[in-house]
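Step one of this worksheet: look at the structure below.
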Amino acid sequence: MSKNQPFPQKSRKLFFIETDSFFTEVYSSTDFLEGFDRSGLNSMSPETLGLIGKSGNKKGSIFYVAHSYPTKIPVENIADFILKNTKPGDTVMDPFCGSGMTGLAAKLTGRNAEISDIGSLALHLSANHVRNCDPIELKKQAELVLHDVTEEKNEYEVKIDGKVCELNFLVVSDIVKCGSCGKSATVWEFIVGDDLHTKKTAVCPNCKHKCKTSQLDLLGSRPVFASYWEKNSKSLKKLQIGKSRSEQFEYRARRKSPVSDVPVSEDREMYIRSALHLHKVSNVSDFYSDRNLSALTRLHKRIQLVKDKRIRAALMFAFTNTSWHGSKMRRYNSKGGHRPLTGTLYIPQLISEGNVYKIFANKIETLCDYYDALKRVSTKSSVTISKASALDLEHVKSRSIDYIFTDPPFGSNIFYADCNILAEAWLGQLTNLSTEAVVNKSLKEKAGGKSLSHYSEMMRNSFSEMSRVLKPGGKAHIVFNSTDGKVWASLIEAMSAAGLKVVGAHSLDKVQKSFKGNKSALGQENVSTKDVVFEVVVTNKRSQSTSRAQTESPEKVLKRAWSAFSRAGINPDESKFIVADFYNYLVRRCATEKFDPVLLDYERVKSFVAAV
């Protein structure tokens with residue numbers, strides 16, 4: 001059984017169920033609900049039943065790893081909600097479809113789907129996720145593409161000790177100036193030991209002064225480490241590269257590419273947050289080394305010559321993921337699994353410059369497994385994909401949708417148009433920033449940024465459209481996450497103003513924490529590691545405000561909630577994510593209790609938990 005086995009076999013019990021009648025089970029990524037109605041499963045194939053009925057780490061399933069995307073919910077979790085709330089042949093909608101997981105879940109469970117998004121990458125991923133493709137022909141064409149490109153030139157061939165070798169990856173380190181002795185050294189020398197593992201504390205190799213390398217002056221960069229194969233050998237070798245040999249591994253041949261004229265500047269939130277000015281980024285090509293830009297450009301050009309449209313689209317599916325992994329955002333990880341951070345444009349101090357051709361070939365292998373699994377388990381249901389704003393779903397008839405599952409933009413957490421700019425530049429179509437529902441914190445309004453009031457209005461209009469298209473008796477599950485009390489208040493008010501009534505609140509635990517999620521456990525990030533899932537129905541009552549005067553002090557309300565939280569079966573001493581768990585619990589209580597947004601300030605909650 002491969003590590004990307006699409007049908008996990010292990011099962012595990014839910015880790016807790018709250019006793020409060022308002023709340024329902026915690027949906028865990030290693031479980032499906034115990035005891036929910038499984039009517040409608042009889043028409044499914046045995047393999048689909050194997051997928052839906054069993055469980056494992058769903059972030060490692062073949063359906064999850066096909067392509068990277070920020071805040072992606074495993075398809076198996078969405079299938080769970082669909083099975084519980086619909087019957088075969090019903091129509092499911094997701095107006096913020098992202099990577100298309102709702103459409104894929106509908107396809108796997110025998111439901112029809114209407115999914116849409118404003119993002120070019122989202123539509124590209126959705127189409128490739130839900131449309132079948134011949135894996136044999138895909139692999140054949142990919143091999144031809146790689147053969148033609150590498151026969152012409154292989155940018156990763158280098159001579160090491162007189163032998164022809166091919167780079168697997170090359171670590172390029174920032175060069176910084178020590179704030180104590182004033183001497184320069186690579187970040188690699190500051191934080192990587194002789195065993196190639198990164199140290200917890202950075203130490204100047206010259207004066208032994210302890211420091212934070214992120215606070216030191218940046219002087220430049222150079223190659224410091226190579227992983228490579230000798231020609232006709234499958235054994236990987238390692239080489240630490242001294243200053244005298246670094247020029248041997250540098251590749252200087254800047255190539256004009258399709259992304260060279262796509263600007264990236266201070267009019268984007270993530271340009272500011274990721275401090276891209278320090279890396280002199282002015283266009284998308286600046287996210288790539290000369291070597292990787294050359295390889296990607298030639299690979300992209302050759303893919304466009306493939307005549308079969310479906311195969312060409314699938315090759316671009318592999319390419320857009322490769323364009324992300326092949327960027328300067330790919331971080332060196334001493335434990336392996338080098339990859340960029342999702343949800344940001346951060347360029348690290350230790351860049352792992354991957355071999356684009358190997359990355360692409362590996363992704364093709366993954367996609368062949370994916371399409372083989374999709375062919376075996378998908379149903380004949382219809383999935384319609386539209387480029388449309390959730391603010392205006394004119395292509396969807398009123399009262400035509402049985403069920404909605406969606407996760408709208410999380411306020412100021414993720415800026416999809418910014419984070420997707422690399423892939424969208426290669427696709428040739430960028431998302432229109434003016435149509436994105438976000439709250440800018442770094443980009444000022446006069447420069448094009450959006451305020452909380454802008455975001456609230458956009459969400460209210462989106463929820464009004466959802467209310468319009470849902471059938472009488474229809475239901476929606478809306479997934480959300482934030483650590484800003486004002487954003488939570490804005491979201492709940494927007495739902496109420498649109499005629500959507502919250503009748504339940506669930507917790508969605510994706511189990512495998514993100515980079516920020518794990519830092520949250522250490523108190524280094526304010527990140528809620530579980531999403532809240534609001535269960536809503538259409539009501540004729542439309543309210544303009546959910547706020548009310550707080551009759552108790554915030555401290556008393558928090559103490560009362562903490563007491564109920566503890567009684568629900570949580571042992572605070574056994575959870576390193578206790579702050580995030582309690583915050584999630586508090587948000588779900590506030591969903592039906594009109595509240596003061598100050599209660600949902602993450603810093604306040606963190607201080608309270610530390611005190612108790």
Quick check: is even one residue across segment 173-181 more than 33 Å from the chain's Cα centre (by Cα) and open to solvent by less than 30 Å² (accessible area, probe 1.4 Å)? yes
Taking segment 455-477 and keeping residues open to solvent by less than 30 Å² (accessible area, probe 1.4 Å) and in contact (Cβ under 8 Å) with a residue 60 or more places away in the chain leaves Met458, Ser462, Glu465, Met466, Ser467, Val469, Leu470, Gly474, Ala476, His477
Looking at Lys530 and the list (1) at pLDDT below 85; (2) farther than 23 Å from Phe81 by Cβ; (3) buried (at least 23 other Cβ atoms within 10 Å of the Cβ), which single condition is not satisfied? (2)
Considering only helices (runs of 4 or more DSSP H) fully contained in segment 225-311, which possess at least 1 residues that are touching a Phe, Trp or Tyr at 6+ places or on another chain (Cβ under 7 Å), touching a residue at least 12 places away in the same chain (Cβ under 8 Å) and under 15 Å from Ser323 (Cα atoms)? 290-303
Tell me the residue from Gln304, Gln349 that is open to solvent by 60 Å² or more (accessible area, probe 1.4 Å) and at pLDDT 95 or above, please. Gln304
Free of Cβ contacts under 8 Å to residues at least 40 places away in the same chain and crowded, with 22+ Cβ neighbours inside 10 Å: is that true of Thr86 in this structure? no
Scanning for something touching a residue at least 60 places away in the same chain (Cβ under 8 Å), acidic (Asp, Glu) and under 30 Å from Ile492 (Cβ atoms), does segment 346-359 turn up at least one residue? no
Quick one: in segment 50-69, of everything that is closer than 19 Å to Ser507 by Cα, in a loop (DSSP other than H, G, I, E, B) and open to solvent by 10 Å² or more (accessible area, probe 1.4 Å), which residue is modelled with the highest pLDDT? Asn57
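Condition check ((1) closer than 24 Å to Val533 by Cα; (2) in a loop (DSSP other than H, G, I, E, B)) across all residues:
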site: Asp418; (1), (2): no, no
site: Trp426; (1), (2): no, no
site: Thr431; (1), (2): no, yes
site: Met466; (1), (2): yes, no
site: Thr483; (1), (2): yes, yes
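Listed here are the residues, each with its yes/no results for (1) under 21 Å from Thr431 (Cβ atoms); (2) modelled with pLDDT of 95 or more.
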site: Met270; (1), (2): yes, no
site: His300; (1), (2): yes, yes
site: Arg310; (1), (2): no, yes
site: Thr320; (1), (2): yes, yes
site: Gly343; (1), (2): yes, no
Has segment 183-194 got at least one residue that is in contact with a helix residue (DSSP H, G or I) (Cβ under 6 Å, 6 or more places away or on another chain), free of Cβ contacts under 8 Å to residues at least 24 places away in the same chain, loosely packed, with under 14 Cβ neighbours inside 10 Å and not hydroxyl-bearing (Ser, Thr, Tyr)? no
Considering segment 388-416, residues that are assigned to a loop (DSSP other than H, G, I, E, B) and polar (S, T, N, Q), and then whichever is nearest to Ala106 (Cα to Cα), we arrive at Ser400
Find all pairs meeting these conditions: Cβ atoms under 6 angstrom apart; at least six residues apart or on different chains; first residue within segment 431-449 and modelled with pLDDT of 85 or more; second residue open to solvent by 80 Å² or more (accessible area, probe 1.4 Å) and not in a loop (DSSP other than H, G, I, E, B). Ser442/Arg273
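Per-residue answers, yes or no, for (1) closer than 22 Å to Pro70 by Cα; (2) of a type in the set (Val, Ile, Thr):
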| residue | (1), (2) |
| --- | --- |
| Leu427 | yes, no |
| Thr431 | yes, yes |
| Leu452 | yes, no |
| Glu465 | no, no |
| Ser490 | no, no |
Taking Asn362 and the conditions (1) in a helix (DSSP H, G or I); (2) open to solvent by less than 30 Å² (accessible area, probe 1.4 Å), which numbered condition does it fall short on, given that it satisfies the others? (2)
Note on segment 195-224: residues open to solvent by less than 90 Å² (accessible area, probe 1.4 Å) and in a strand (DSSP E or B) are Thr198, Ala202, Val203, Cys211, Leu218, Gly220, Ser221, Arg222, Pro223, Val224
Among the numbered criteria (1) open to solvent by 30 Å² or more (accessible area, probe 1.4 Å); (2) on the phi < 0 side of the Ramachandran plot; (3) modelled with pLDDT under 95, which single criterion is violated by Glu166? (3)
Could you check, for segment 109-119, whether at least one of its residues is under 29 Å from Asn355 (Cβ atoms) and either at pLDDT below 95 or buried (at least 24 other Cβ atoms within 10 Å of the Cβ) (or both)? yes
Quick one: is Phe480 crowded, with 20+ Cβ neighbours inside 10 Å, without any contact (Cβ under 8 Å) to a residue 60 or more places away in the chain and under 16 Å from Val536 (Cα atoms)? no
Does Ser507 count as surrounded by 20 or more Cβ atoms within 10 Å (Cβ to Cβ), modelled with pLDDT of 90 or more and either part of a loop (DSSP other than H, G, I, E, B) or in contact with a Phe, Trp or Tyr (Cβ under 9 Å, 6 or more places away or on another chain) (or both)? no
Let me confirm something: among Ser389, Ser378, Ser398, which residue is small (Gly, Ala, Ser), open to solvent by 10 Å² or more (accessible area, probe 1.4 Å) and closer than 19 Å to Met458 by Cα? Ser389
So which residues in segment 562-577 are crowded, with 17+ Cβ neighbours inside 10 Å and either at pLDDT 85 or above or out of contact with any Phe, Trp or Tyr (no Cβ under 8 Å at 6 or more places or on another chain) (or both), if there are any at all? Trp562, Phe577
Kindly indicate whether Ala79 is touching a helix residue (DSSP H, G or I) at 6+ places or on another chain (Cβ under 7 Å), open to solvent by less than 10 Å² (accessible area, probe 1.4 Å), aliphatic (A, V, I, L, M) and in contact (Cβ under 8 Å) with a residue 60 or more places away in the chain. no
Members of segment 307-330 found to be more than 16 Å from the chain's Cα centre (by Cα) and open to solvent by 10 Å² or more (accessible area, probe 1.4 Å), listed by number: Lys307, Asp308, Lys309, Arg310, Arg312, Ala313, Met316, Lys328
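The values are calculated or read from the model by the stated rules, or taken from the named source; none is laboratory data. Bear in mind that the values here come from a model prediction, so they are computed numbers and not experimental data. Neighbour counts run over all protein chains shown; Cβ positions are idealised from the backbone, glycine included. For accessibility, only protein heavy atoms count, side chains too; no ligands or nucleic acids. Shrake-Rupley method; radii C 1.70, N 1.55, O 1.52, S 1.80 Å.
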